[in-house]
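Every number in this text was worked out from the coordinates using simple rules, so none of it is lab data. Note that the structure is a prediction, hence the values are computed from the model and not measured. Glycine also receives a Cβ, built like all others from the backbone with ideal geometry; neighbour counts cover every protein chain displayed.
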Amino acid sequence: MTRVLVVDDQFLIRAGLVGLLRAAPGIEVVGEAADGADAVEQAAATSPDVVLMDIRMPGMSGITATERILAGADGEGPSPRILVLTTFDLDEYVYAALRAGASGFLLKDAGPERLLAAVAAVAGGDTLFAPSVTRRLIEALAPHNRVAEPSADLAVLTAREVEVLGLIAQGLSNMDIADHLFISEATVKTHLNRTMSKLDLSSRAQAVVLAYESGLVKPGRTGLPG
């Protein structure tokens, strides 16, 4: 069973999400919250696998709640995966949520099948179920005119880990990277997991954001290097 916490300040939207999830096989709704502060408390109490998180809420925002939920994970098991709910796909709030460690985002007008597929994907560890969309979001919102120096944090990575991180940030899938580097998908995942551990990142999307903000990848650079 995938344990889900639903967070949205609008009662009708929250009730609709809860009803849809409860009717789906393999999903247990462990709680619902109307604001960020309540979401943080319930996440600590219920240990959900996935949190459906509204971004714009009165009081504590979904961005702050995402940060606190991930920071408060006890380390004894996997951290909850945060799936952000938003009205607009190109939204600076979504960018901030991905930077805070959210695993992905979903438009509120997505259909029931899309929602259930997204929850399953995130719960299964596919932290960036729409890499091209997330890359488009980051490129639209990342500062184009800032001259970024390579982050000192990247010095802890091996050359191969830096290479894999750069390719991930350009929107390539694990399979694409494996084919390009002539390695297995399992090896790509190993490099990514080590990178995330060394840089204290909680999601693949967060790794993409770091790659842009550190200057490793520049906005507008996409696809395999020539």
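For T2, list long-range residues whose amide hydrogen, built 1.01 Å from N in the peptide plane, is under 5 Å from its own amide hydrogen.
So T2 has HN proximity to I27, E28.
Place the peptides 49-57, 15-23 in order of packing, highest mean first, counting for every residue the other Cβ atoms within 10 Å and averaging per peptide.
Packing proxy ranking, top to bottom: 49-57, 15-23.
Does a label point 7 Å from the Cα of D200, set along Cα-to-beta-carbon, have any residues of region 43-70 with amide nitrogen under 16 Å, and which are they?
67-70
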